[in-house]
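The values are calculated or read from the model by the stated rules, or taken from the named source; none is laboratory data. Bear in mind that the values here come from a model prediction, so they are computed numbers and not experimental data. No Cβ is skipped: glycine too gets one built from the backbone with ideal geometry, and neighbour counts run over all protein chains shown.
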Amino acid sequence: MADDKDVLRDVWFGRIPTCFTLYQDEITEREAEPFYLLLPRVSYLTLVTDKVKKHFLKVMKAEDVEEMWFDFEGTPLKWHYPIGLLFDLHASNTALPWSITVHFKNFPERDLLHCPSNSVIEAHFMSSIKEADALKHKSQVINDMQKKDHKQLWMGLQNDKFDQFWAMNRKLMEYPTEEGGFRYIPFRIYLTMSDRPFIQKLFRPISPDGHTHTLGDLLKAVYPVAISNDDESKRYQVVIHGIEPLLETPLQWLSEHLSHPDNFLHISVIPAPSD
Amino acid sequence: MPVSLLCAVDVYGRVYSLSTGGQQWEQCRDAVLEFKRVTAVQQCCWGIACDHHIYLNVHSSDVPIRYQEETFENQRWNPVDNFSDRLLPSDRWQWSNITGLEHQPLDSFFLPSTNWEWEGDWYIDENFGGEPTEKEGWTYAIDFPATYTKDKKWNSCVRRRRWIRYRRYKATDTWAKIPSEGHSGPLPDPFNDISCGGWEISEEPRGRLSLWAVSLQGKVWFREGIHHHSPEGDGWEEVSLPGEVVQISCGPGDLVWAVLWEGQLIVREGITRDCPQGSSWVVVDSPNPEAGAIHVAVGDNVVWAVTKDNKVWFRRGINSYNPRGSGWIGMVGEMVMINVGLNDQVWGISCEDRAVYFRQGVTSSELSGKAWKAVNVPRDGDIRSHSSASSSSLHSAGCFFSGEVRAQSVMSEDSDTENGPQRAVLEGATTAFTAGPSIPEEVASLREAEAKSPPPVLVLSPSLSGGPGDPQWSNVDLEEAQTHLAVGPAGVRGDAADTCSLSSVATYTLCQEEPYGADEHPLWAWVSGGGCGVDCHSQLNWFNSATALASSVQSMSLSISPAQTAAWRKQIFEQLSERSKREMDNFKHYEQAIEQSVWVKKGTMQWWRDWKPHKWVDVKFALEQFSGPEGNQDGILFLYYNFNEEKKYLHAFINEVTILVPVLNDSKHTFAIYTAERTKQRWPIRLAAATELEMHDWLALLSVSCCDSRGIQGPPSKQALWSVTCKGDIFVCEPSPSLEACPYPTPCDQMFWHQVGGHLRLVECNSLGVVWGVGYDHTAWVYTGGYGGGFLQGLASSTDNIYTQTDVKCVYIYENQRWNPVTGYTNRGLPTDRYMWSDATGLQECTKANTKPPSPHWTWVADWAIDYGISGGTDREGWQYAADFPTSYHGHKTLKDFVRRRRWARKCKLTTTGPWQEVPPIPLSDVTIIPCGAQSSVEPIPLWAISNKGDVLCRLGVTLLTPAGTSWLHVGTDQPFKSISIGGANQVWAIARDGSAFYRGSVSAQSPAGDCWYHIPSPARQKLQQVSVGRTSVYTVDQHGNLWFRQGLTPSYPQGLSWEHISNNVRKVSVGPLDQVWIIADKVQGSHSLSCGTVCHRLGVQPMEPKGQSWDYGIGGGWDHITVRGNSFEAPRVRMPSVTPSLTTSLTDPLRPPPTRKLLSFGNTENGNAVRC
C-alpha cells in the first residue's frame, strides 16, 4: 500500500516535457533551433527558463531583445501561474511535448505581468503562501516562522529541493486534530472559457454538522456547472496536477497533498475532449 | 489507549455502559434486576440492586480467574509395607498442607460458592523446584519435616507428593449475588450505598480491592479478602462510626470519605498496606453551613462534594499526608451526584436535565478541571428501534412523576395484556426510584427541575433519535410511532393497534403535565467512572452526537483503515503514476530545467572529544548534501574544531554512517553517530545540541539523509531486523541478501540501522510482516505498517498508521541506614558508607528531591512509594537487612545485621508517537511469532505470549490483514512462565519462572494450543531465563549469561536429549527462520572502549553445523533486544534447485515435522560442493 508521502513526491517531481520554439517574426542572425526542457510542474515559467533565454540569445542581437514572454497557440502564458496549471488549463489534451513559443518583443501588457527578476517571483510566491496561511491558520503558522524559514521555502522551490522545502512546508500543513482540518481551504478554480481569472471563496473542509467536505461539495457550492449529471455525458474535466481526482475525494486531503508549493489548490475546469 | 467502560444507571434501574471507543450506551443485557447504584473498577463492577442486595459482575477475560488448590500426600517407609500411608502417631496427617499441620484430604476441598467450578480432577505435580520428578511425583526425606529430594536414597524414610486441582470462577459477565453475611450471621439491615477502590494501596495479594458499603441504618461495612483469586471476598466487617452515614466514596488509593446524615463529612485515616480499612474517622464540616453535604466523591488526590442545594464543591489541598485537605472551593454547575474515576477524572449527573456530564480539562496540575461537558450519545435501544421495554418504562416515568395513581394502573393493565414481562420492569423501576429514605434529595430536586425546565423532548435531532422514517416529532406522534413499533415485530393485530393508540392518548395527557414524555432523553441516576481509563489527552467521541452513527461503524480492529482503501485514494495513486508515465517516461533524455546544487545546513554543537581528557568542546557542525553520481542523494558531515589554536575538522560520509542513536538524558541533549570503524572502536562521535528541538531537527534531517543515501524509503520490509535499546528506542535494519551468507556474510558492524518511533522493551516479528512489541509497562503493541513517529516528523514519517503511544516505568532509589547501639537504625552512616539516599550501587547520591525522570520526555505520574516487591523480600516497612553494604539483602532482621535499605519507586510516564497500536487488555511480558519463509501462507499465523502474571497465551485470528488477531486462548500451566518461543514447525518451547524449560506437545494448525507440557530438565545447576526457537534449532540463555543449544532434536523426539554449552557473556538470543543465531552480548571490548549490550551474529552456522563457530560484533552500547525472525533471505549459495523446494515445503507446511537432519545434511553437501567448485 503506497503511502500518502509518495503523493507529495509525485506532485513535486512532476515534469512536463516542453519544446520551446522562437516566434517566427523575431529577428535572428541565424536559424534558431528548438530547445527541449523538462519543466517542473510546481515551478514558474520565468524561474526555470534561464537556459531557454541563453539558448535563444545566442542567435539574436542584443538590441532586438526585450523582456522574454511565452505563448501557447496564441494564448500568452502567465508566468505567475504554476507551470502545471498553465499546462492543464491550456494544453492538457494536446500532444507532448508541449510546444511553447518564445517571444522577445511586443510584450502583451494587458495580459501579462512584468517579471524583471526572480525577486518578483519570490515576492509573488511568498504572498501566495501568506494568503493561504491566512485562510488555513489565520496566518499564525507563517507569522511564527523566521525570515530564514521563509527563505528555506523559497530556496527549496528555486533549487528543486523537495526535502528542504517540505521540512518547512509541513508546518504549514498541520492543523489541530480536534478541528479535523484547516479553517478554510485555500483553493482557486480556473476556467478556460471565462473572463474571470479564477474563482476563490471561503470554504471549510468540514461542514457545520461535522461531515467531511469533498471536492464534489466544493464544486457544487462554487461552480456547479462543472459537475455533470448522471444522465448527460461529461462536459467538463476537473483537473489538478494533470489528474482527475474523484469527486468524493476529501477536500482537506487534497489541500494537504495536491496543493502547489504556494499552498493553494489550483483546480482547472476544462471542457472534456469530444472524442 | 485501551478501551474501557463508563458505567451508569438510569432512573429506571437499568445499567448501561459506554465504551471509550464507542458512541452509544450499551445496556447490560443480564438485567433481570434493576439496580440502584453501581461502582465500577477495571476488572469488575459491584452494584446494589433493588432488592438491596449486593451483586458482583466480573468482566470476562481471555485469561480466566483460576485458583490452584494443593494438598500433600505423605507416606512413611516400614519394612513390611515398604512405603505406605501408615504413619507414626507423632507424624503428620496422611493428607496435609505443606507444613503438615492441617489435615487436608482430597474430599475436604469445596468450591467457595456456586460461582466457581472445578476445571478437572486432582492430579500429581511432577515438577519439583524446576526439576522433573519420577512419574509418581514422590519426593523423599529422612523424616518429616525435612529437606526433600527427588531421588530416593538408602536413608529415605518418608516421602510425599503434591496434588493439585484448579477451580475456575465462572460467573463472569453476569450479576452474581453476594450473600450479606457478617462474621456472626446475616447482616441486620439492607445496603444502601457502595464504593469500590483501594487497588493502589498494595499489589499483594494481586488484584486486591477495598469495598465499602453503607446500610440503610447508616452503618458502614468493609468487605474483606477481595483479590484476584477471590473476587467475591470473604465477609463483611463492621466499621465503627461517629454518626450515621448516608453515602461513602473510596478512591483508588488511600482516600475514603463519607457523608453523615447531619451533613458533615468524615474522612478515614490510617489506611495503609497493612490496614486497608483504616483506623479512625475525622470530621470535616460541610462546605456550606446552611446546606449540609449529601454526596461525596474521592479520587487519588481529589475530593468533590455536593451539598443539599446541589452546589458542587472541590476540596483544596488533598494529598496522601493530608487526606483531609485544607478548604472548599465552590464550583460551577448543579449536580445530584458526582463520581471520580481513574486519573482523577470527574463525572456528574446534572440536576437540571439528569444528563451525564464529564469534567473537561482535569490534569494532574489542574485537578479541578475547566468545564462540564454533557455526554451526548444515544443508547443502543434508541438506535436499533424503540424497544417495547423503553416505551413502557416511559409510561411509568410519567406516572410516577405526576402522581397519577389511576393512570398508572390503567397503563399497567395495558402492558399486562400486551406483553407480560414489561410489568416487572415497570414495577421494578418504580421501586428503584422510591428507594427508601436515602435519596429524598434526589427526588425532590428532580421534581423541581422538571417544574422549572422547559420540555426537553424535541431538542434531539431526528438522526439521533433514529426513528425509522418519521420526520414529524411531536409528543403524540412520537408516542404512536413508538407503540406501533413496539408491537410491530410481534405481528400487528388490528385490535392491538387500537388499544395502543388509546393508551398513547392517555399518556399524552400525562405528558402535558410532566414534560418527561419521550424516552429519547435518558435520565440518569448514577454514574461510575472507576473503570474508565480516560485522561485529559483522550479523544472521546461522546460529545457530538451528529457523527455518532457515521463513525460508530469504524472498527477497532487493526485492519487497513477505510481511508487507505477508498476508491478516491486509489484513483489518485493510479492516475499519478499514469501521469508520470505519460509525461516523463518518453522524455527522460530531456534536460532538467533546474540543475541540482549542493545544500549545506550548519549549526553549532558540542562534541565529546576523542582524546583525553575527554570533555565537551564547542564545534561547528555542517551537513553538505548533494546528488550522487547516479542521482541518489548523498552528503558529508563536517565537524570543525580548534586544537592547539589550530583549526581542524573531522568528517564522515553520510553513506558510511551506520546508525544515529539519541542519548537523551536530563542534563544534555546528545546523540551518537556510528560508522563501521567507530563501531569497531566502540567509540562513536558524540554530539550535544543546545536544545531538544535542535537535536531532533538534526536527527530527523540526518536520518533522512542517511536513508536517502542508501535508498531506503517508507516502512521497514518484512525481512527487517528489529532491535531495542535500553532507552526503549526502536531500530530496524534492512538485511542485505548476503547477511546470512556463508562463509562471507555482511559484517555486522556495516549494518545500517534506522530508528522507528515509539517506545518498547521488546519487539518480535516474522517474515510475513507481523510485528508485535511489549512496552515497559507490559502493554502489548502491534506494528501498523507505518514508519516514523516520535521526533521523525514530516517526510521521515508516514501520515497514516502513526498513533500515540505511552509507556510507564519506575525510577528506583534506595534509602540506606546503619544500626548503632544507642539509637538503633538511623540515617547517620559511617564516614565510609554510601550515601544515605542512593542508587542501587550506592555510588550516586539520589534523594527524593533531586532525582529526575530519565529524560525530559518522561514526567512523574505518582509520588515516591516504598517498593515491597524487591527480590529478597522485605519487612513490613519495606526494609531489607544485611551485615554490611554492599552485600546480599534479606527481608528480616537478624542479630548479625548492621545495615538496612529499602527501595523507593516512583512511576513516570512517556508519551510519544509511532507506528504502533495497542492490543488490549492483557499486559504481556513476552511474545513470539512463528518464523517462516517469506512466501509461506500460514494463516492464521501462530503467535504465543506470556502475560505479565505468567500465564501462557495463544493468540487466535492473527492474519496479514489483522496482525493484532482477535482473542487470547489461555493455555494452562502449573506455575507462572516467563519466556516463550515458537519454531518454524510449530514447536513451542517455554521457560517457567523457576527456570525450567517446557516443550508443548502436538501444536498444529488444527490444534493451535497443543495438548500438554513436557518438562525438560535445565542444564545442571542453572536456571534458564529465555528461549528462542528457529526453524529447528533451540537455544536458551540462563541467568548467568550462558547460551545453550539443544542437542538431539528429531521429529520423532522433538524434546531433544541434552543441553550443550555454546558461549557465555550472553544476555538474549534470537534464532531466525534460517536457524541463524543472533545475540545481545553482555560486554564487548573495542579498540577504544567497551560496550555493554551489543548485537552479535553467530558465524559459521550451517545446516550441518547449527551451533556455528564464532561471533561477529555489531552495533552496541545499551542494546537490550534483537529479533532476526523476519529475515528469511537465504544466502545466494543456498539457492540450489535440488534443495530449495524441499526446504520451502517443510517450512510452509506447519503440519509437517521439522526437516530431519538427514535431509539437511544432504543439502549441505551439495551446497558445500557448489562453493568449493
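This table checks each residue for (1) within 22 Å of A:Ile83 (Cβ to Cβ); (2) in contact with a strand residue (DSSP E or B) (Cβ under 7 Å, 6 or more places away or on another chain); (3) hydroxyl-bearing (Ser, Thr, Tyr).
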residue	(1), (2), (3)
A:Asn169	yes, no, no
A:Tyr175	no, no, yes
A:Arg188	yes, yes, no
A:Thr192	yes, yes, yes
A:Asp209	no, no, no
A:Asp217	no, no, no
A:Ala221	no, no, no
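Going by the structure shown, is A:Met126 surrounded by 15 or more Cβ atoms within 10 Å (Cβ to Cβ), within 13 Å of chain B (Cβ to nearest Cβ) and either modelled with pLDDT under 90 or under 16 Å from the mean Cα position of the chain (by Cα) (or both)? Working first, answer last.
Values: surrounded by 15 or more Cβ atoms within 10 Å (Cβ to Cβ): yes; within 13 Å of chain B (Cβ to nearest Cβ): no; either modelled with pLDDT under 90 or under 16 Å from the mean Cα position of the chain (by Cα) (or both): yes.
No: the conditions fail for A:Met126.
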Matching residues in region A:85-120 - criterion: being of a type in the set (S, T, N, Q), more than 14 Å from chain B (Cβ to nearest Cβ) and surrounded by fewer than 18 Cβ atoms within 10 Å (Cβ to Cβ): A:Asn106, A:Ser117, A:Ser119
message: Looking only at residues that are among the aliphatic types (A, V, I, L, M) and in a helix (DSSP H, G or I) in region A:240-271, which one is nearest to the other protein chains (Cβ to nearest Cβ)?
response: A:Leu254
- prompt: Is it the case that some residue within region B:170-191 is over 31 Å from the mean Cα position of the chain (by Cα), outside the structural domain of B:Leu87 (by the TED database) and hydroxyl-bearing (Ser, Thr, Tyr)?
  reply: yes
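Take B:Leu1090 and decide whether it is among the hydrophobic types (A, V, I, L, M, F, W, C) and at pLDDT 90 or above.
no
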message: When you scan region B:869-883, do you find a residue that is at pLDDT below 85 and at positive phi, even just one?
response: yes
task: Check off (1) over 28 Å from A:Trp12 (Cα atoms); (2) in contact with a His (Cβ under 7 Å, 6 or more places away or on another chain); (3) of a type outside the set (A, V, I, L, M, F, W, C) for A:Arg41 and give me the number that stays unchecked.
output: (1)
message: For the structure I just gave you, tell me whether B:Thr928 is of a type in the set (S, T, N, Q) and crowded, with 24+ Cβ neighbours inside 10 Å.
response: yes
- prompt: Would a scan of region A:59-76 turn up a residue that is in contact with a strand residue (DSSP E or B) (Cβ under 9 Å, 6 or more places away or on another chain), facing another protein chain (nearest Cβ under 10 Å), at pLDDT 90 or above and surrounded by 15 or more Cβ atoms within 10 Å (Cβ to Cβ)?
  reply: no
- prompt: Out of the residues in region A:1-42 that are touching a Phe, Trp or Tyr at 6+ places or on another chain (Cβ under 9 Å) and polar (S, T, N, Q), which is nearest to the other protein chains (Cβ to nearest Cβ)?
  reply: A:Thr18
statement: Exception for B:Trp599 within (1) at the interface with chain A (Cβ under 8 Å from one of its Cβ atoms); (2) at pLDDT below 85; (3) touching a strand residue (DSSP E or B) at 6+ places or on another chain (Cβ under 7 Å); (4) farther than 20 Å from B:Trp698 by Cα falls at (4)
field: Hits in region B:332-376 - residues which are within 14 Å of B:Val298 (Cβ to Cβ), β-branched (Val, Ile, Thr) and surrounded by fewer than 20 Cβ atoms within 10 Å (Cβ to Cβ)
entry: none
message: If I filter region B:682-690 for residues that are under 22 Å from B:Gly1114 (Cβ atoms) and of a type in the set (Gly, Ala, Ser), do I get at least one hit?
response: no
query: Residues of region A:151-182 being surrounded by fewer than 15 Cβ atoms within 10 Å (Cβ to Cβ), in a loop (DSSP other than H, G, I, E, B) and among the charged types (D, E, K, R), which ones?
result: A:Glu174
- prompt: When residues of region B:38-48 are filtered for being surrounded by fewer than 24 Cβ atoms within 10 Å (Cβ to Cβ) and in contact with a Lys or Arg (Cβ under 7 Å, 6 or more places away or on another chain), how many remain?
  reply: 0
- prompt: Of all residues in region B:853-867, which are surrounded by 16 or more Cβ atoms within 10 Å (Cβ to Cβ) and touching a helix residue (DSSP H, G or I) at 6+ places or on another chain (Cβ under 7 Å)?
  reply: none
- request: Could you look through region B:561-588, keep only residues that are more than 7 Å from chain A (Cβ to nearest Cβ) and under 37 Å from the mean Cα position of the chain (by Cα), and pick out the one that is modelled with the lowest pLDDT?
  value: B:Ser561
- prompt: In region A:156-179, what residues are under 20 Å from the mean Cα position of the chain (by Cα) and more than 7 Å from chain B (Cβ to nearest Cβ)?
  reply: A:Gly156, A:Leu157, A:Gln158, A:Phe162, A:Phe165, A:Met168, A:Asn169, A:Leu172, A:Met173
- prompt: Do we have A:Tyr190 as in a loop (DSSP other than H, G, I, E, B), hydroxyl-bearing (Ser, Thr, Tyr), touching a residue at least 40 places away in the same chain (Cβ under 8 Å) and in the same structural domain as A:His260 (by the TED database) here?
  reply: no
- prompt: If you scan region B:265-310, which residues turn out to be among the basic types (Lys, Arg) and not in a strand (DSSP E or B)?
  reply: B:Arg273, B:Lys308
- request: Using the structure shown, decide if B:Gly198 is in contact with a Leu (Cβ under 8 Å, 6 or more places away or on another chain), among the small types (Gly, Ala, Ser) and surrounded by 13 or more Cβ atoms within 10 Å (Cβ to Cβ).
  value: yes
field: Of residues in region B:776-802 being buried (at least 18 other Cβ atoms within 10 Å of the Cβ) and among the aromatic types (Phe, Trp, Tyr), the one nearest to the other protein chains (Cβ to nearest Cβ)
entry: B:Tyr787
query: In the list A:Pro224, A:Pro208, A:Pro197, which residue meets the criterion of being within 14 Å of chain B (Cβ to nearest Cβ) and surrounded by fewer than 15 Cβ atoms within 10 Å (Cβ to Cβ)?
result: A:Pro208
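Go through region B:1039-1059 residue by residue and tally those that are surrounded by 14 or more Cβ atoms within 10 Å (Cβ to Cβ) and either over 15 Å from B:Gln1026 (Cα atoms) or not aromatic (Phe, Trp, Tyr) (or both).
The qualifying residues number 10.
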- request: Would you please name the residue that is farthest from the other protein chains (Cβ to nearest Cβ), looking only at residues in region A:137-152 that are in contact with a helix residue (DSSP H, G or I) (Cβ under 7 Å, 6 or more places away or on another chain) and farther than 19 Å from B:Glu694 by Cα?
  value: A:Ser139
message: Can you list the strands (runs of 3 or more DSSP E) lying wholly within region B:984-1086 that have 1 or more residues being farther than 30 Å from B:Gln935 by Cβ and of a type in the set (Lys, Arg)?
response: B:1066-1071, B:1077-1085
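Is it true that B:Val927 is under 27 Å from B:Phe1129 (Cβ atoms), assigned to a loop (DSSP other than H, G, I, E, B), touching a residue at least 60 places away in the same chain (Cβ under 8 Å) and of a type outside the set (Lys, Arg)?
no
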